[in-house]
Every structure is written in structure tokens, then in C-alpha cells.
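The values are calculated or read from the model by the stated rules, or taken from the named source; none is laboratory data. Keep in mind it's a predicted model, so treat the numbers as computed, not measured. So basically every Cβ, Gly included, is an ideal-geometry build from the backbone, and we count neighbours across all protein chains shown.
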Amino acid sequence: MMNPFFFLVGGVIFIIYGGLNYYIGLRGWQTLFSFVPFLIPQVYWTFFWLLSLSYLFSRLSQKFLPTVLYEGLIRIGAYWLAFMFYFLLVITALDILSLLDRFLHLVPVEIKQSLNPSLGLVVFILVIGIVSYGAWNARHPRVNHYEVSIAKQAGSLKQLHVVMVSDVHLGTIINNSYLTKMVTSINQLKPDLVLLAGDVFDENIETVNKQQMADSFRKLSAPNGVFAILGNHEYISGNAEDTIKYLGEAGVKVLRDSSQKIAGSFYLVGRDDRSGARLNGVKRQDLKTLLQGVNHSLPILLMDHQPLQLAEPAEQGVDLQLSGHTHAGQLFPIEFITQRIFEDDWGYLRKGNFQLIVSSGYGTWGPPIRVGNTPEIVDITIKFNQ
């Protein structure tokens, strides 16, 4: 039996989502589409609601829809989420300016009377341009290089070449073609060690398995191995255990509150994601406990999906932490929010001997677009010295 709280929260979300879309649709009709010859309101609103509700409908009806129809609706709906976001930003800003003009009388009445269709067209073209650029940008990841130094000896190793990716979000939209391209790019860098810092998957493993993504993972090549950790989305989708099994069979070892001594030279530690405590009731180990038995005279690399509470790894002697999760905001201007939440929401940070690199991620969540940031593969050269 379904939890009544689930229905309550779902109902509130649906009402808010529907209200925001109605606001966009109403402004669109008033300022642009009511001027289109032969377009009647019934046709406009039918098309508008089919478009705006396609994502929710497809998610709720996945089990009953043919695969082709489901995937088509998911893609259409995901792009609509981006259009919705930017239409909402632009239209709200214009309405606020219009409200201010009622008191300040900055725009002459003659201009305001002739402004509707032309302004509506400008807004329409502007948002199409933003989303089109964001879709192109999301499909063109770049390699970002870092060179860091750790003041410890690592056996016979003088340096280590690490490639890290996070937030791939594999599923229906970010599919095997993205993964194949990512694997090829990683292998071309010829890393010593490959790390997947959480949110590898976004949907159930059955969807992923149909695309034979395991074969792509098996092609990753690194002499010191390929390792991964869980992110919040593996828990949200209920795929934590399946992810560990699936990746393990594909040659990727998942570190879940565990450590691995590699080549007798350094330690790689992988933390369980903090969302596990909220979603499955199992609290992850504190870092002090996790590092018991680890030789702190050797370099310690830590993977932790969410770059929060950085004082803990700094105090426990972690030399380099690798994280993701933030997407660097993904959609401008959300980065102003992530910059307030996280001490470092993207790039490099140093606190004494503790160093942190946060990736903007390789894939996308929700709308398959990026504005104001770029998807990336993180290429790190670590130099060891006493």
C-alpha cells in the first residue's frame, strides 16, 4: 500500500509544476501565439499541455509504454524542462519590469501597445538560442588538466597519472554512445588509474543492460585499475546493490566505505554516499574509522561524491579528495546557488596539506543541456616528493 505522504508530496509537486507551466503558456499565448493566424486557443493549449506534461507522463507510465514511445517522450520532456526553466526566468523578469513600470512610467503607452508580438518573438528566439547552445555544449566535453604535488613518498612511484570522471548519469538520455565516446577519450590519455566519482547511473540497471554498457566499461584500460564509488542517484533510483554488481562484472571495482592499497605505494579510499543514510537507513562510516589500518606515511587519495564537510578529510590526513555532484550548477544561473552551498563547487581547492578537485561532471541530469559550464574529463598528474 502506497504511503499517503507520497501522494501528498506528489500532489503538491504536480500543482506547482502545472501552475508554473500554465503561467508560461498563458504569457506565450498573450504575447505571441494569439497573433498567429488560424491558431485557435483549443489547439494551442492542447499542444502546450502535451508538450509540458510529456516528461511526467512518460516517467509515471514507463511500465506500460512501448520502449520507442517512452524514450521519445522522455527526450521531448527533458528538453522541455530546459525551455521551461529559461522561459520562466525571462518571462518573470519581464513581468517584474512591467510591474515596476506601472509606478515609474518609463515606457511610453504607444510603445507598450505595439510591444506584445515583437517582444514575445524576441523572448521565443532568445530561449531557443539558449537551449540550442546548451544542447551543443553538453555534447562537447573537454579535458581539464591539473598538476598537484603530495609531500610524501609513494614507494618507487615518482608520479601518478589519474583520470577521473563523475556524474555520467547513464540511462535513456545519456546512453551508450556517450559512454563509448567517454571511454575512448579516457584511454587516449593513457592513465595509470581511472576513477568514477559517483552518479555513474541515473536509471535502473535493466535500462542500462539493454544497451550493453558493460562491454564499454570493459574497454577502460589502466594498469592500476578502474575504481568507482556510489553517488546519490544510485540510491535515489534504488540501484546501489545492482550498480556494485554490474560494475564489478564489467571490471570496475566499487569502493563502498573501503580502502585499497595500490602498487604498495598509495591508498585509494572510497566513501559511501551520505544520501544512503536517508534513503536506505544505513549510515556510512565516519572517516576516522574508515582510515584505521591505513599507513598515513603513504599518500591517501579519497573519493567522496559530495564535497561537503571538508574539515573531516583535512583533519584525518587525506592528501587529495576527488568529488563531483555539483554539476557546477549545470544551468546558469544555478551556479550562484551551488557556490553558496559548497565551499568548492568546481575546480581546485587547497587547505593546508589537504587538496580537493571537484568535477563539473561528464553527463547531465534532467535537461540534457549545460549553460555556463562545460562537461569534463579530469586529467590529474600527481607528483610525490618528501
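No other residue among Gly361, Gly352, Gly329 is of a type in the set (Gly, Ala, Ser) and surrounded by fewer than 20 Cβ atoms within 10 Å (Cβ to Cβ) apart from Gly352. Scanning the stretch 196-213 for residues that are polar (S, T, N, Q) and either surrounded by 14 or more Cβ atoms within 10 Å (Cβ to Cβ) or touching a strand residue (DSSP E or B) at 6+ places or on another chain (Cβ under 6 Å) (or both) yields a total of 3.
Taking residues in the stretch 84-104 that are farther than 13 Å from Phe332 by Cα, and partners anywhere that are exposed (fewer than 15 other Cβ atoms within 10 Å of the Cβ) and modelled with pLDDT under 80, the pairs with Cβ atoms closer than 7 Å and at least 6 places apart or on different chains are Asp101/Val107. Taken residue by residue, the stretch 238-257 has no member that is touching a residue at least 60 places away in the same chain (Cβ under 8 Å), in contact with a Leu (Cβ under 8 Å, 6 or more places away or on another chain) and small (Gly, Ala, Ser). Scanning the stretch 30-62 for residues that are within 21 Å of Pro117 (Cβ to Cβ) and small (Gly, Ala, Ser) yields one hit, Ser34. Within the stretch 149-188, the set of residues being in a loop (DSSP other than H, G, I, E, B) and over 18 Å from Glu203 (Cβ atoms) comprises Ala151, Lys152, Gln153, Gly155, Ser156, Lys158.
Checking Val43, Val68 one by one, the residue that is among the β-branched types (Val, Ile, Thr) and under 28 Å from Tyr133 (Cα atoms) is Val68 and no other.
Is the stretch 30-46 home to any residue that is assigned to a loop (DSSP other than H, G, I, E, B), modelled with pLDDT of 90 or more and more than 22 Å from the chain's Cα centre (by Cα)? Yes, the stretch 30-46 has at least one match.
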